[in-house]
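Below is one structure, written out as structure tokens; comments come after it.
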Amino acid sequence: MALAVALVLVGASCLNAQQSKPTEYQVKAAYLYNFGRFVKWPAGIAAGKGDSFPVCVLGRDPFGSILDSTLAGEALEGKPVVIRRIARPQDAADCRILFVSSTEEHHLKEILAAIDQASVLTVSDIPGFSRRGGMIQFVVEGDRIRFEINLATAESAKLVLSSELLKVAAAVRRNARSGD
């Protein structure tokens, strides 16, 4: 419960002060930042990925400028967050967090295979993403954006997800893949 409150507060502080309800992708952008706060990457990977913390979008970017404005000036693990839009799964190996656009659904198997050993946190709103081997899937419950976690996939990539993050997930899967 404390993490849920923290996620809302930090997420709200990351968003522009508005009196209207945040948009779907403003909420998802804040979640991407917060996921980075509650995941630990292997020491060698963390050191080897340069002096920034890359958050990447593969495929058609549904965020537009929202992701840039939400994460502008933010840092994770003491490194400035940089946003990268990439066109090829092979370019994702240098990312820490990879958002896979729904336009890439038909290529999901190849995308996940391309970064299988890269210790990249994969996130998407593709239906069945966590069931198909992705790590975190956005889901809508009522009028709220929640997320499901595939813990087995994250662990096989040598990522450690905080127990606090697992507590607030809508669901936690413990099997790597249950089919395409």
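Working carefully through the options Ala154, Ala170, Ala176, find the one that is of a type outside the set (Lys, Arg) and at pLDDT below 95.
That would be Ala176, the only listed residue that is of a type outside the set (Lys, Arg) and at pLDDT below 95.
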Being out of contact with any strand residue (DSSP E or B) (no Cβ under 7 Å at 6 or more places or on another chain) and either of a type in the set (D, E, K, R) or at pLDDT below 95 (or both) is the filter here, so list the residues in segment 42-86 that pass it. Pro42, Ala43, Gly44, Ile45, Ala46, Ala47, Gly48, Lys49, Gly50, Arg60, Gly64, Gly78
Surrounded by fewer than 13 Cβ atoms within 10 Å (Cβ to Cβ) and either on the phi > 0 side of the Ramachandran plot or among the hydrophobic types (A, V, I, L, M, F, W, C) (or both): is that true of Val140 in this structure? yes
If we keep just the residues of segment 62-92 that are surrounded by 15 or more Cβ atoms within 10 Å (Cβ to Cβ), out of contact with any Phe, Trp or Tyr (no Cβ under 8 Å at 6 or more places or on another chain) and aliphatic (A, V, I, L, M), which is nearest to Arg37 (Cα to Cα)? Ile83
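The values are calculated or read from the model by the stated rules, or taken from the named source; none is laboratory data. In this text the structure is predicted, and so the values were computed from the model without any measurement. As a convention, Cβ positions derive from the backbone with ideal geometry for all residues, glycine included, and neighbour counts pool all protein chains shown.
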